[in-house]
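Let me begin by presenting the structure, written as structure tokens, before commenting on it.
The values are calculated or read from the model by the stated rules, or taken from the named source; none is laboratory data. Values in this document were obtained by computation on a predicted structure and should not be read as measured data. Here the Cβ positions follow ideal geometry from the backbone for every residue, glycine too, while neighbour counts run over all protein chains shown.
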């Protein structure tokens with residue numbers, strides 16, 4: 001057998017064409033919309049960013065999926081576990097290889113990008129009224145008014161504070177606006193030998209993107225216009241929501257270097273902060289690591305002109321290219337039911353997305369989850385534009401440039417707005 | 001030709017096609033979700049004007065500039081030490097090589113603990129000598145040096161092994177002749193050892209530069225490219241573009257730019273050093 005230069009180039013050309021064509025033909029936009037009216041049967045895959053660890057696996061496969069199979073014995077569910085950080089990669093590679101899972105968990109803000117590109121299938125509106133949902137909870141599940149996902153668990157970003165530190169400082173109420181927050185944080189900051197040993201406020205223990213968004217919403221700001229095509233955060237409210245961190249750092253009551261390290265007790269637990277931005281799952285952490293602090297830590301919703309908390313979470317959606325759409329739809333509906341939602345929330349200390357579960361034993365026994373559920377009317381979600389997946393990655397590093405003093409808050413917000421406008425322009 | 005067919009097919013399927021596909025896709029707006037559309041050189045223009053990717057290029061150059069020569073120097077030094085009749089030299093050789101075969105994830109996690117600002121080993125040791133604690137990975141001043149230090153430490157093993165193999169293959173008679181002529185050990189090192197190690201040095205340099213330009217996992221675990229993009233690298237930006245932002249066409253263009261970078265560096269090095277032939 002002899003390989004000439006021409007045959008080599010021909011092979012390379014054909015291979016490239018096949019590879020490029022292969023990429024193109026796997027596009028879900030080319031597939032027909034999943035028809036969920038067929039028989040509920042067949043093999044389906046579930047890409048799952050919940051039910052972590054051995055306990056989670058046992059909860060899902062040993063409990064929930066058994067219940068599901070009792071109802072749908074002809075459906076075989078294969079679970080592909082992942083963590084939230086790798087979820088995006090799993091979906092990308094699944095889409096590129098034409099092996100998009102039939103059912104996927106998605107984060108808040110992810111629905112518009114995937115729905116816009118027709119990667120996920122619309123769900124009937126009746127599922128939105130099947131159980132009691134706070135309207136704020138369903139907002140991130142929709143795109144262009146159509147329901148594309150069912151919320152499972154919520155993870156709200158709230159403010160937690162040390163009641164004992166407040167008491168020591170003679171502070172009787174929680175701050176109601178940013179001016180009060182700054183004053184209280186200054187009062188609570190402790191210096192020993194010229195060195196800050198306790199910051200009054202720790203905004204940096206949660207993702208800076210989510211922290212800034214919480215402040216933006218609390219300052220009556222918006223990320224994008226309702227149609228997701230216009231950037232709105234480059235407003236005085238948006239700049240002020242970043243500037244407040246710089247002001248507090250200038251006060252000495254916040255420090256970029258003082259934040260919770262991964263896998264370690266929070267700064268609030270360690271006593272190196274008096275107030276911190278946190279997640280409602282803190283309560284579970286307190287029970288496990290610092291039970292003596294459970295009664296010493298309180299929570300409040302912060303706002304400047306508008307009390308707001310950020311609502312993250314995990315939703316479940318159906319792939320638009322599923323070969324067994326009826327089975328996939330059945331699993332989505334099952335995972336969005338109170339039984340599954342409650343178990344998933346309990347396993348990770350999250351807030352159940354269904355309001356009726358507020359009377360459950362789990363919610364009643366977790367003050368931070370109960371607090372979040374009570375305040376869901378103040379919850380706001382990130383995202384809102386089909387370009388979100390691109391924009392969200394740029395927010396934290398761009399805001400950090402202001403935090404570390406490389407540019408001003410106005411410059412950082414302007415830069416971010418430019419990036420966001422470019423991303424939206426590419427849609 | 002039939003005998004090379006398996007290797008040829010392997011190279012074609014796993015290297016040739018992906019490279020050409022990446023090149024073709026770099027001229028499209030491919031986003032995994034929809035059909036790719038040709039957009040000319042827009043991705044290249046975007047990449048070359050993107051301040052974050054440019055920062056990634058600069059960081060990559062800085063990382064390579066410090067990790068490659070420093071690690072090569074240390075590796076050569078250790079190889080020279082281990083090429084003697086040292087007691088327990090097998091143990092030392094293994095100890096030096098272990099970081100190379102340890103999963104980078106595990107290595108990075110250990111270094112995360114070492115660099116931990118409150119409970120880390122480094123600050124504890126420095127504190128013993130009265131040096132104030134530093135935020136090694138969240139400071140714009142210290143994050144890059146901290147990453148470089150891990151990169152140097154991890155890269156020594158393989159370089160040492162190559163140098164050690166090269167040292168053991170050097171002809172003994174040349175050294176004997178030099179000794180007879182009265183050449184000191186230092187003179188022998190600079191006039192015999194270093195020139196004869198030129199092919200090995202060329203190989204170590206090229207592979208080290210490529211490895212440094214492909215630094216990814218350390219950044220992924222240690223800093224996530226932060227703070228404020230001070231430790232982001234070209235490969236990390238490529239990964240983010242493709243897997244987090246769904247801009248696969250753009251990521252392909254960034255990959256081609258990285259490829260051109262490496263190609264130019266390798267050619268320049270080949271020209272400067274007279275290739276791997278050992279000529280000088």
message = Restricting to the stretch B:10-49, give me the number of residues that are within 25 Å of residue A:387 (Cβ to Cβ) and in contact with a helix residue (DSSP H, G or I) (Cβ under 8 Å, 6 or more places away or on another chain).
response = 20
Any pair with Cβ under 9 angstrom, 6 or more apart, that starts in the stretch B:1-29 at a residue that is farther than 21 Å from residue B:44 by Cα and more than 8 Å from every other protein chain (Cβ to nearest Cβ) and ends at one that is surrounded by 12 or more Cβ atoms within 10 Å (Cβ to Cβ) and modelled with pLDDT under 90 = B:4/A:3
In the stretch A:101-125, residue farthest from the chain's Cα centre (by Cα) [restricted to those that are under 18 Å from residue A:331 (Cβ atoms) and surrounded by fewer than 21 Cβ atoms within 10 Å (Cβ to Cβ)] = A:124
ask   = For the stretch B:79-96, does any single residue satisfy the condition of being assigned to a helix (DSSP H, G or I) and under 21 Å from residue B:209 (Cα atoms)?
value = yes
query = Which one of B:61, B:33 is surrounded by 13 or more Cβ atoms within 10 Å (Cβ to Cβ) and at pLDDT 90 or above?
reply = B:61
query = When you look at residue B:148, is it crowded, with 16+ Cβ neighbours inside 10 Å and more than 14 Å from chain A (Cβ to nearest Cβ), yes or no?
reply = yes
The one condition in (1) buried (at least 17 other Cβ atoms within 10 Å of the Cβ); (2) more than 21 Å from residue B:119 (Cα to Cα); (3) in contact with a helix residue (DSSP H, G or I) (Cβ under 6 Å, 6 or more places away or on another chain); (4) more than 13 Å from chain B (Cβ to nearest Cβ) that residue A:274 fails to fulfil = (2)
note = Counting only helices (runs of 4 or more DSSP H) entirely within the stretch B:147-242, those with at least 2 residues that are in contact (Cβ under 8 Å) with a residue 24 or more places away in the chain are B:198-213, B:217-222, B:234-239
request  = Check off (1) more than 30 Å from residue A:384 (Cβ to Cβ); (2) modelled with pLDDT of 95 or more; (3) in contact with a strand residue (DSSP E or B) (Cβ under 8 Å, 6 or more places away or on another chain) for residue A:210 and give me the number that stays unchecked.
outcome  = (1)
ask   = Does the stretch B:121-135 contain any residue that is buried (at least 19 other Cβ atoms within 10 Å of the Cβ) and part of a helix (DSSP H, G or I)?
value = yes
remark   = How many residues of the stretch B:226-243 are more than 7 Å from every other protein chain (Cβ to nearest Cβ) and surrounded by fewer than 22 Cβ atoms within 10 Å (Cβ to Cβ)? The answer is 2
query = If only one of B:80, B:112, B:76 is over 30 Å from residue A:204 (Cβ atoms), surrounded by fewer than 21 Cβ atoms within 10 Å (Cβ to Cβ) and more than 15 Å from the chain's Cα centre (by Cα), which one is it?
reply = B:80
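One line per residue, one yes/no per condition, for (1) farther than 24 Å from residue A:89 by Cα; (2) at pLDDT 95 or above; (3) out of contact with any helix residue (DSSP H, G or I) (no Cβ under 7 Å at 6 or more places or on another chain); (4) in a helix (DSSP H, G or I):
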{"site": "A:330", "(1), (2), (3), (4)": "yes, yes, yes, yes"}
{"site": "A:358", "(1), (2), (3), (4)": "yes, no, no, yes"}
{"site": "A:373", "(1), (2), (3), (4)": "yes, no, no, yes"}
{"site": "A:377", "(1), (2), (3), (4)": "yes, no, no, yes"}
{"site": "A:385", "(1), (2), (3), (4)": "no, yes, no, no"}
{"site": "A:390", "(1), (2), (3), (4)": "no, no, no, yes"}
{"site": "A:413", "(1), (2), (3), (4)": "yes, yes, no, yes"}
{"site": "A:420", "(1), (2), (3), (4)": "no, yes, no, yes"}
